Amino acid sequence: METRKRKTRSDSLKNRERLIEAAKEVLGSGGPDASLEAVARRAGVGIGTLYRHFPDREALFHAVFSRELEQLADMAEALDDRDDPVETLRGWLHANVALVETKRGMLGALSVVMTEESKQAYAELSNRINAALNRLLSRGVQRGQVRDGVSAEDVLQTMYALCYARPPGQAWRSNVLRLLDIFVDGLRCDREPPQAGRG
């Protein structure tokens, strides 16, 4: 009996993960074919199984978004080991643009509105990301590779401004990444790193 319970629990967790991944792919791209039924089909389960895991559209959205944001936070905290702060930042921002694209697609497909209360639920993850980016920028300044006076908030505000300045479309991601690369290139500088006690 205990073995059967463990197997049932394991199958349930696998179904949940498949549904989250399917929702990211199906709903993240938006469009007329983005529906909960399509998510269930992509995951290989029935619509009833989807609703057992996610009783409403908001629950499904938050499950996908929180997982993606947590992965971005983990990625940001792993940036300390990289040699080139500017290229490291570029790669992380590119990943963040993909998250924004998924988020916009899901919000549109599910008709979900991000409230201030729901945004607060992600405050801890956002704080982790800000702290990690500030460490990366500070290290770049100390090495003489990144211009001084730029904060994580500056970087993220610019990225979101570029993301939301254009309506969704086929060329949306390529246009955003092109402009984002111009911004990131502007962060780079080549100078002697500051020396302690030098005045």
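The values are calculated or read from the model by the stated rules, or taken from the named source; none is laboratory data. These numbers come from a predicted model, not from an experiment. Just so you know, the surface numbers come from the protein's heavy atoms only, side chains and all, with ligands and any DNA or RNA stripped out. Shrake-Rupley method; radii C 1.70, N 1.55, O 1.52, S 1.80 Å.
Values for this structure:
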| read-out | value |
| --- | --- |
| Value of Rg to Rh for region 91-143 (Rh from inverse mean 1/r over Cα pairs, i.e. Kirkwood) | 1.11 |
| 5 angstrom amide H check on residue 146, placed H, neighbours 5+ away | 141, 189 |
| For region 17-105, Kirkwood radius (reciprocal of mean inverse C-alpha pair distance, Å) | 14.1 |
| Cα Rg over Rh - the chain, Kirkwood | 1.07 |
| Separation between Cα centres of region 57-96 and region 21-50, rounded to whole Å | 23 |
| Prolate/oblate/rounded label for region 28-69 (Cα gyration tensor, a/c 1.5) | oblate |
| CD proxy at 222 nm, helix term only [per DSSP H run n ≥ 4: -39500 (n - 2.57); per residue of the chain; nearest 500] | -24000 deg cm²/dmol |
| Accessible area of residue 126 in the full protein assembly, 1.4 Å probe (Å², nearest 10) | 50 |
| Residues of the chain: accessible area per residue with a 1.4 Å probe, Å² | 57 |
| Solvent-accessible area, 1.4 Å probe, carbon plus sulfur percent, for region 26-179 | 48 |
